[in-house]
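See structure below.
The values are calculated or read from the model by the stated rules, or taken from the named source; none is laboratory data. As the structure is a computational prediction, the values presented were derived from the model and not from experiment. In this analysis, Cβ positions are derived from the backbone assuming ideal geometry, glycine residues included, and neighbour counts consider all displayed protein chains. Keep in mind that these areas ignore ligands, DNA and RNA; they rest on the heavy atoms of the full protein, side chains included. Shrake-Rupley method; radii C 1.70, N 1.55, O 1.52, S 1.80 Å.
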Amino acid sequence: MKSIYKFLIAWALGTITASSAFAQAAPAAYGGGDANGAHVFGELSFGFPNYDAEYLRGVTAGGYFQRSRWIGLEVRGSMLRWGPSTMHQSSILTGPRVQYPFHRFIPYLAFEPGVTHTVLPYTGYPGSALVGSNNFAWQIIGGVDYRLTHRLWVRAGEASYGHINVIQNGLSPKSFSAGLNYRIF
């Protein structure tokens, strides 16, 4: 009879020990949270090119790899071509990304230098001539993602401010975006 009690006590202790050991190892299996890994995103963007009082509409697409809970690397391309403005702006940017996951919300901030192709009205020529140029640009981007599932986030809002080295003093475009974010792995 004493051997049955010893067996039950050993079995209970083994079960409790194994359960707590598994619980301690489970977060590491996910890499520290759902926000880590490779993600792709798509957004609808609304921008003010700072050349005129008019605005532009377009799309932004990209991806990022979140190495740790807070630090990652992002690549994005945007094309603002539609709207009442005759100006067009397309850019490819890449840079570091910092996020601070808070339950289902993930606020983030990124600084991304890159290249922008800008098409501006040429002021020295009568009529509607346009001049295009490729120039260095940078943007500071901040926004918030809201997690719906393990793989799908809604990009609730994003704002950016930047600088493009074009014309005499450059341009300081601003944009606002919203879209979806999908975790690949």
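Assorted remarks:
- The sole residue among THR118, THR86 that is open to solvent by 70 Å² or more (accessible area, probe 1.4 Å) and at pLDDT below 90 is THR86.
- Residue match in segment 167-174 (condition: more than 11 Å from the chain's Cα centre (by Cα), of a type outside the set (Phe, Trp, Tyr), modelled with pLDDT of 90 or more and open to solvent by less than 60 Å² (accessible area, probe 1.4 Å)): no
- Residue within segment 115-138 that is closer than 20 Å to PHE65 by Cβ and assigned to a strand (DSSP E or B) present: no
- Sub-6 Å Cβ pairs linking a first residue in segment 171-184 that is more than 19 Å from ILE140 (Cα to Cα) and assigned to a strand (DSSP E or B) to a second residue that is at pLDDT below 90 and not charged (D, E, K, R), at least 6 apart or interchain, are ARG183/GLY37, ordered by first then second residue.
- Candidate set: segment 146-170, residues that are charged (D, E, K, R) and in contact (Cβ under 8 Å) with a residue 60 or more places away in the chain; chosen: the one farthest from VAL115 (Cα to Cα): ARG147
- Scanning segment 121-146 for residues that are open to solvent by 50 Å² or more (accessible area, probe 1.4 Å), at pLDDT 85 or above and either of a type in the set (S, T, N, Q) or out of contact with any Pro (no Cβ under 9 Å at 6 or more places or on another chain) (or both) turns up ILE140, TYR146.
- Scanning segment 151-166 for residues that are within 18 Å of PHE111 (Cα to Cα) and open to solvent by 40 Å² or more (accessible area, probe 1.4 Å) yields ALA159, TYR161, HIS163, ASN165.
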